[in-house]
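K.L.:
Take a look at the following structure, please.
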Amino acid sequence: MVKNVPNIDLIETTILDIPTIRGHVLSMATMRTQTAVLVEIRFSDGSVGIGEGTTIGGLSYGAESPESIRSAIDTYIGPALLGREGDDVNGAIQLVDKLVKGNRIAKTAVEIALWDGLGKRLGVPVAQLFGGAVHDRLPVAWTLASGNSETDILEAQEMIETRRHNVFKLKIGKQSVREDVAHVARIKQTVGDAARVRVDVNQAWSLDEARWGLKGLQDAGCELVEQPVQARFQRAMAELTSQYEIAVMADESLNGPEDALSVAASNAADVFAIKVAQSGGLKRASEVIAIGQAAGLGLYGGTMLETGLGTAAALQLFSTVETLHWGTELFGPLLLTGEILAEPITYRDFCVELPAGNGIGATLDPDKIAFFRRDGGRTMKTVVGG
Ligand SMILES: [Mg+2]
């Protein structure tokens, strides 16, 4: 019997620039546009898989930029995979890991497209390929990062009233510790018991600042602090984890399963922020999750502020996890002025819902892709049409 397995025929990348609904003020950058790298893989049987690789704030968050993600795929990852069997996702992951160091977000974009193609050919959601979803909806936090306490308070109140979010992550680390703690205390005081408040410092504090900061934050009723110090300061993270009641979450410290093992073994966090892109794909993220679970740590479904596409992919994996103790922050599509999916992800009753459909459960809206593409999609379309 001849096995008829489709091959990988074409891997295409597109950069999208989508304006955000407001300035998103982080300790290291203010975002007014989010840039996503889309990957489309065409297989020899006509099936197609789509994926996304996205980072935050150009090169200010991590070592990969949208442009480097695209070039890593176009120059190295794509050519290595052309002609291979499309169903062999693990083989592709292993080959790319041998040929390409780092570049986890670029690997992620391609890997998601491979899973999507496989799921569509088999007629199952990607969650099924990870053993099946055990949740059809997950709690979803919102990030307050307008850069202004008054605006943040109004935004929080509206989110609570409309039952969209009742967990808020405040982006701090740009002002002094004293000003930041006062900002957090004001917001927590205003929302009271109606909402939970957490913060993300994005590595901005020294250990000295973090000691004062964590003390002030826990007194203000803040329940969790994310990446208070630099990712490489594992001993400082361990001290903060053991010295304060407030939960300490590792985010930038976690780049794949090797980091996860190191952070867990050093007791350098109470909680793992699981990010598909930072882990190097759905498979590697599932390994980070397994290490966190084995270490008895709290788990949280993180985001790189992906569009609906990357968000759908993350939901396929997170929906298979027994317990995400701290819920998720998969609100990326809500921060963008444009929706690129034909069927947007559903948010209601403080939760995000696992999309229906095979593969990652996302279908692109071609007009929106043409509109937001960086390389002049609108002009190209006019030329082709005329
Ligand atoms: Mg973070």
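K.L.:
How many residues are acidic (Asp, Glu) and within 13 Å of the ligand (Cβ to nearest atom) if we restrict to the stretch 249-282?
P.N.:
Summing the residues that are acidic (Asp, Glu) and within 13 Å of the ligand (Cβ to nearest atom) in the stretch 249-282 gives 2.
K.L.:
Quick check on the stretch 312-326. Is at least one of its residues more than 16 Å from the ligand (Cβ to nearest atom) and within 23 Å of Pro228 (Cβ to Cβ)?
P.N.:
Yes, because at least one residue in the stretch 312-326 is more than 16 Å from the ligand (Cβ to nearest atom) and within 23 Å of Pro228 (Cβ to Cβ).
K.L.:
Mind listing whichever residues of the stretch 154-184 are in contact with a Gly (Cβ under 9 Å, 6 or more places away or on another chain) and in a helix (DSSP H, G or I)?
P.N.:
Val177, Arg178, Asp180, Val181, Ala182, Val184
K.L.:
Something else now. Among the residues of the stretch 189-214, count how many are open to solvent by 10 Å² or more (accessible area, probe 1.4 Å) and over 25 Å from the mean Cα position of the chain (by Cα).
P.N.:
Total meeting the criteria: 12.
Okay, residues lined up against (1) under 29 Å from Val37 (Cα atoms); (2) open to solvent by 10 Å² or more (accessible area, probe 1.4 Å):
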residue: Ala113; (1), (2): yes, no
residue: Val124; (1), (2): yes, yes
residue: Gly131; (1), (2): yes, yes
residue: Ala145; (1), (2): yes, no
residue: Asn148; (1), (2): no, yes
residue: Thr151; (1), (2): no, yes
residue: Ile160; (1), (2): no, yes
residue: Phe168; (1), (2): yes, no
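K.L.:
Being assigned to a loop (DSSP other than H, G, I, E, B), open to solvent by less than 10 Å² (accessible area, probe 1.4 Å) and within 15 Å of the ligand (Cβ to nearest atom) is the filter here, so list the residues in the stretch 223-246 that pass it.
P.N.:
The answer is Gln227, Pro228, Val229.
K.L.:
Looking only at the stretch 73-109, count how many residues are assigned to a helix (DSSP H, G or I) and small (Gly, Ala, Ser).
P.N.:
Final tally of qualifying residues: 6.
K.L.:
Checking Ala210 against (1) within 16 Å of the ligand (Cβ to nearest atom); (2) farther than 28 Å from Ile345 by Cβ; (3) touching a strand residue (DSSP E or B) at 6+ places or on another chain (Cβ under 6 Å), only one condition comes out false. Which one?
P.N.:
(3)
K.L.:
Continuing with the same structure: Would you pick out the residues in the stretch 333-366 that are farther than 20 Å from Lys120 by Cα, touching a Gly at 6+ places or on another chain (Cβ under 7 Å) and either open to solvent by less than 20 Å² (accessible area, probe 1.4 Å) or basic (Lys, Arg) (or both)?
P.N.:
Residue satisfying the conditions is Pro333 alone.
K.L.:
Another one. What is the one condition in (1) crowded, with 20+ Cβ neighbours inside 10 Å; (2) without any contact (Cβ under 8 Å) to a residue 60 or more places away in the chain that Ser176 does not satisfy?
P.N.:
(1)
K.L.:
Which residues, taken from the stretch 247-262, are of a type outside the set (S, T, N, Q), part of a loop (DSSP other than H, G, I, E, B) and more than 25 Å from Cys222 (Cβ to Cβ)?
P.N.:
Gly256
K.L.:
Regarding Ala285, is this residue part of a helix (DSSP H, G or I), open to solvent by less than 10 Å² (accessible area, probe 1.4 Å), at pLDDT 95 or above and within 13 Å of the ligand (Cβ to nearest atom)?
P.N.:
No.
K.L.:
Just to check your reading of the model, which residue among Phe331, Phe350 is touching a Ser or Thr at 6+ places or on another chain (Cβ under 9 Å) and touching a residue at least 40 places away in the same chain (Cβ under 8 Å)?
P.N.:
Phe331
The values are calculated or read from the model by the stated rules, or taken from the named source; none is laboratory data. Since we're looking at a predicted model, the values are computed, not measured. Here Cβ is always computed from backbone atoms with ideal geometry, including for glycine, and neighbour counts include all displayed protein chains. Ligands, DNA and RNA are excluded from the accessible area calculation, which covers all protein heavy atoms including side chains. Shrake-Rupley method; radii C 1.70, N 1.55, O 1.52, S 1.80 Å.
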